[in-house]
Each structure stands twice: as structure tokens, then as C-alpha cells.
Amino acid sequence: MTRTLLGGAVASLLLAGQAFSQGIDGAPAPFDKGGVRIAVVSFLGSGDWLQAFESGVKRQGDALGVELTISQARNDHDTQRSLVEQAINLGVDGIVINNGRPETLQDVAQKALDAGIKVVAYDVDLDNPAVAQIEQSDADMARLVLEHAVEKEGKGFTGGAVYVAGFAPLDRRYAVWQEIAKANDVTEKAVWGVVNDTVPASVADQTKAVLTANPDISVVFTPWDEFAKGVKLAIDELGVSDKTKIYGIDISTPDIELMREENSAWVATAATNAAVVGEVSIRALALDIAGAFPGRSVLLQPTLVTRDDLIANDIKTIEDLQEKFPAFLESDAATAEWIPQAN
């Protein structure tokens, strides 16, 4: 059983739970009877993080036997708003809003709530007490990796940051960069960045220009792995991996491959497992639909992963990372006895 959200040229990925009409024994209504419908609307349209997030959404949705409609706004704010409105018109039971800008989404989220539809949000603060915020502690992630940068590079280095204002997770992560920089006599020489459909390529072009003009930059903070990919591409092309290092946030199997490369400039990252974030988002929404609000904040704890860790432990994939770093495998956030484990 499938359902579509048509958003012009926006592609939608459709998935029906295997046990959509069967229900779960011992579960509270409406999961005892089945027939629960959930829409997942993401601002982004590509990238390793989004792919992993959606894989977690699908696994947990399938375990719960719900009908999922997954759609991406492909970095278009108006399209994301439209997709949420279409989900409301379809009469779904719940909506997961993944990323985006609060000013674009706050009123449509309230419209959903007014229609009796439960809403949870990830990495966008809708500032609504009825909306559970799935959070991966952006400040903790930034602090983990930046304190490691100071430990490795020493105080007083010259740095730069890739940053685009207006996105809640990037704003929170960049604020920690400013805090750490001030406390450790770090000179912020440049800030650059862009969010579009070709982030790594666009950031690479910007980074080459920045590093050419500022060859004394020894550390680049990248608060998103798509930024890190672009910076690494530029550093490789300029041949400066020996003197300019990347400290990032987020991780995926392709990221691990880049970090493991010989003489890689990407030396550390802090992250939660994007697939686990997807699973927790669906569980939190399921609890809310079942009448058990999961709380205003549903928090996942991050892990610091260094290039040295990856090589020393022969970690080549996210699956390897989950095996060697148990905190990456699962989370006990937003769980209940009646909610089946995602497989």
C-alpha cells in the first residue's frame, strides 16, 4: 500500500510497511489495529547523511508496520512547506520534519497539530511545546571535535570555518567554534560556504580560493560532512594536506574512506549514527501518536572518531564502526516495550 506526495519536480520515495494492516500485539491504539500512516519530509535532497537517515526511517517504519511516505524538498524551502501541507491534506497520523528553517515551517507544523496530526522535528527548532525535538547535541559534537583540534594543533592556530547561517544545527555548531576559538587564542581568518545541490563541488571551489589567499590557515572546521568533502577535495588539489587539517562533524562509509586515505587532511569528526537518528525519529513519533509524548527534547549522544581510530581498528565502513564503537550501533532514546526493534 503506497501513497504519493507530488511536489512538482521533487522526487518522492514511497515505502509501505510490510505489516501495514496487521497491527502489533499488545501495542496501544492505533498500533494494535494497524493502518498508521507517517510522512517524513526532509529539506535536503541528497548526501550520505540523508541516505543513512532514510534507511533508519525505513527499518523502524517497517518494524512498526506503518505506511511511510518519504519525500525530499531538495534544498527548497517553499517546496518543503508544500510537502508538509500535502501530508496534512492526506490525513496522515504523524509527520517527521527533517531539517529546514523554522520561519518556513512553524505555522504549517501548527496547522498539522490543529488537524490532530502529531509532529516531531529533527535539526530544526519549531519552538512548539507540542513538537518533540530529536536532537544530537550539536554543541556537544562541535565541542568534542574542536577540543580535540586544540589538543592536536595547540592553542593560537589560524583557522577557518565553512558555515552558512540560518540552519539550526550549523548555527549551534558554529557558535561552539567561536567559543573555542576565543578561549584558545585561535584566529578565525575566513568563513565561507554554500548549501545547494552540489555542496562538495561548490565548497571545493570556494576553499581553493580561500586557502590560496590565506595559506596560513592550518585548521578548517566543517560542521557538516558535505562541507568536509569539498574542503578535502580542495586541499588535495592544492597539495596542502600536510599543513591544513579538517575537523568535522557527521560520518558515513564514504566519509570513512576519505579519512582513511593516505595523508588525508580529514583527521577527526564527531557524529551520531544517522540511521539511528532516523530510527529514533520514527519511534518518538510513534510514541506521540500512541498518546505517550516522548518529551520536548529527545537527545542522542555523539562519539568522537579520529583517523587514527579508523586505521588502528581497521574500520572501513559504518558497519565496522558500529561493531567497534557500540555507542554507534543503537540508542535507547524513545523506546517502549511494545515498539519492535528495527532490523
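The values are calculated or read from the model by the stated rules, or taken from the named source; none is laboratory data. Source: prediction; values computed, not measured. In this analysis, Cβ positions are derived from the backbone assuming ideal geometry, glycine residues included, and neighbour counts consider all displayed protein chains. We work out accessible area using only protein heavy atoms, side chains counted, and drop any ligands, DNA or RNA first. Shrake-Rupley method; radii C 1.70, N 1.55, O 1.52, S 1.80 Å.
For the stretch 25-105, the Kirkwood hydrodynamic radius comes to 13.4 Å, computed from all pairs of different C-alpha atoms. Roughly how many percent of the accessible protein surface of the stretch 285-343 is carbon and sulfur, given a 1.4 Å probe and a whole-percent answer? That share works out to 47 percent. For the stretch 91-154, the pair-distance distribution built from all alpha carbon pairs, in bins 10 Å wide starting at 0, is 21, 39, 18, 14, 7, 1 percent.
Note on N313 and T212: their simple-model spin labels are 4.0 nm apart, each label 7 Å out from Cα toward Cβ. Per the Debye calculation on the stretch 29-177 with a single equal scatterer at every Cα and no solvent contribution, log₁₀ I(q)/I(0) for q = 0.15, 0.20 Å⁻¹ amounts to -0.81, -1.25.
Taking label positions 7 Å along the Cα-Cβ direction at both T187 and K111, the computed distance is 5.1 nm, reported to one decimal.
Which value, in debye to the nearest 20, gives the size of the charge dipole of the chain about its Cα centre, when Lys and Arg are +1 and Asp and Glu are -1 at the Cβ?
Values: 28 positive and 50 negative charges, 87 e Å.
For this selection, approximately 420 debye.
Taking all protein chains into account, the per residue accessible area for the chain stands at 39 Å² (1.4 Å probe). Shape summary of the stretch 171-291, radius of gyration then Dmax from alpha carbon positions: 16.6, 57 Å. Sorted largest first, the principal axis extents computed over the alpha-carbon atoms of the chain equal 62, 40, 34 Å.
Here K152 and D205 are evaluated by their C-beta separation; at R0 = 30 Å the FRET efficiency comes out at 0.60.
Which of the peptides 174-182, 229-237, 156-164, 323-331 is most tightly packed, and how do the rest follow, judged by the mean count of other Cβ atoms within 10 Å per residue?
Numbers: 174-182: 17.3, 229-237: 22.6, 156-164: 20.8, 323-331: 15.8.
Taking the mean over residues of other Cβ atoms within 10 Å, the ranking is 229-237, 156-164, 174-182, 323-331.
Here's the picture: charge each Lys and Arg Cβ at +1 and each Asp and Glu Cβ at -1 in the chain, and of L304, F157, Q136 the one pushed furthest to the positive end of that dipole is Q136.
Ignoring aspartates and glutamates fewer than eight residues from K118 along the same chain, the ones with Cα atoms less than 16 angstrom from its Cα are E67, E85, D93, D107, D127, D288.
Kindly express, to the nearest 10 degrees and within the range 0 to 90, the angle between helix 77-90's C-alpha long axis and the longest C-alpha principal axis of the chain. Roughly 20 degrees, rounded to the nearest 10.
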